[in-house]
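J.: Got a structure here, written out as structure tokens. Questions coming.
The values are calculated or read from the model by the stated rules, or taken from the named source; none is laboratory data. If you're wondering where the values come from, they're calculated on a predicted model, not measured in any experiment. Please note: Cβ atoms are built from the backbone with ideal geometry, for glycine as well, and neighbour counts cover all protein chains shown. Please note that ligands, DNA and RNA were not included when accessible areas were found on the heavy atoms of the full protein model with its side chains. Shrake-Rupley method; radii C 1.70, N 1.55, O 1.52, S 1.80 Å.
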Amino acid sequence: LKLLCLIIKRKIMKTFRLLSTLMLVCVLLVSFTACDNVSDADIQNNAQELLNANPDLSAVVVSVQDRVATLTGIVKDEATKSYAETTVSGVRNVQSVINQIEVVPPAPDYTELDTQINAGLADALKDHQTVSATVSDGVITLTGEVNENDLPTLMERLNALQPVEIVNNTNAPTN
């Protein structure tokens, strides 16, 4: 009888351990599933916060649907576009990234060129008192009157200043 009680007790203990282990596995599965139940809005907020931390990505917006992040906006170069994609693809729970960012290089800065052209402009125009010129974004715009015979010399002097363009709005003098 004692032996029978011992055998029954061991079977009950084995069953109890098995049930405890199964219960622990079920609890762990439910908790892992619950932890992975992150909304698209939460993923989007996390991704946008990372993008907003970089001033070069201030014009980039992320939207998330079904764990797919879509990037839109404008950046200055391909490296910045690639960086945005890499940043968002590293956000937890993002499955893929659709990168629709446009690359628009910044407009060139002609400040230095305009200064150089303006410095040499007075000398280039010294023999042409009836011609005036303005400089903007590397472009020289001529107005006034100039003899047709003098125009090639004037244009040669202006081209020596290496402008982006010369706009000739001059007229031949009327007699």
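J.: Calculate how steeply helix 111-125 sits against the longest principal axis of the alpha-carbon atoms of the chain, using the helix alpha-carbon long axis, and give the answer as 0 to 90 degrees to the nearest 10.
T.: Once rounded, one gets 10 degrees.
J.: Now, a different point. Count the DSSP beta bridges whose two residues both fall in segment 18-175, then state the antiparallel fraction as a percent rounded to the nearest 5.
T.: Around 50 percent antiparallel, to the nearest 5.
J.: Cut-off 10 angstrom, C-alpha nodes, Gaussian network model of the chain. Which of ALA53, ALA122, ALA41 fluctuates the most?
T.: Highest fluctuation of the listed residues: ALA122.
J.: If you average 1/r over every pair of different alpha-carbon atoms in segment 130-175 and take one over that average, what Kirkwood value in Å do you get? If you can, show how the numbers build up before the last one.
T.: Values: mean 1/r = 0.0923 Å⁻¹.
One decimal place: 10.8 Å for the Kirkwood radius.
J.: Any idea what % of Cα-Cα pairs in the chain are farther than 19 Å?
T.: 73 percent
J.: How large, in percent, is the carbon and sulfur part of the accessible surface of the chain at a probe radius of 1.4 Å?
T.: 56 percent
J.: I would also like to ask the following. Would you mind classifying segment 44-122 by shape? Square roots of the alpha carbon gyration tensor eigenvalues, ordered a ≥ b ≥ c; an a/c under 1.5 is rounded, otherwise it is prolate if a/b is larger than b/c and oblate if not.
T.: prolate
J.: Using a 1.4 angstrom probe on the protein heavy atoms only, could you order LEU18, LEU151 from most to least accessible area?
T.: LEU18, LEU151
J.: If the elastic network links every pair of Cα atoms under 10 Å, which of ASN46, ASN93, ASN159 fluctuates the most in the Gaussian network model of the chain?
T.: ASN159
J.: At 1.4 Å probe radius, can you tell me the per residue accessible area of the chain in Å²?
T.: Heavy-atom accessible area per residue stands at 71 Å².
J.: Under a Cβ-only charge scheme (Lys and Arg +1, Asp and Glu -1), can you give me the dipole magnitude of the chain about the Cα centre, in debye to the nearest 20?
T.: So the magnitude is around 3160 debye.
J.: Using the Kirkwood formula over every pair of different C-alpha atoms, what hydrodynamic radius in Å results for segment 80-175?
T.: 16.8 Å
J.: Among LEU158, LEU57, LEU22, which one shows the highest mean-square fluctuation when the chain is modelled as a Gaussian network with alpha-carbon springs under 10 Å?
T.: Largest GNM mean-square fluctuation: LEU22.
J.: Using alpha-carbon positions, what is the distance between the centroids of segment 152-166 and segment 94-136, in Å?
T.: Taking the Cα centre of segment 94-136 as reference, the centre of segment 152-166 is 16 Å away.
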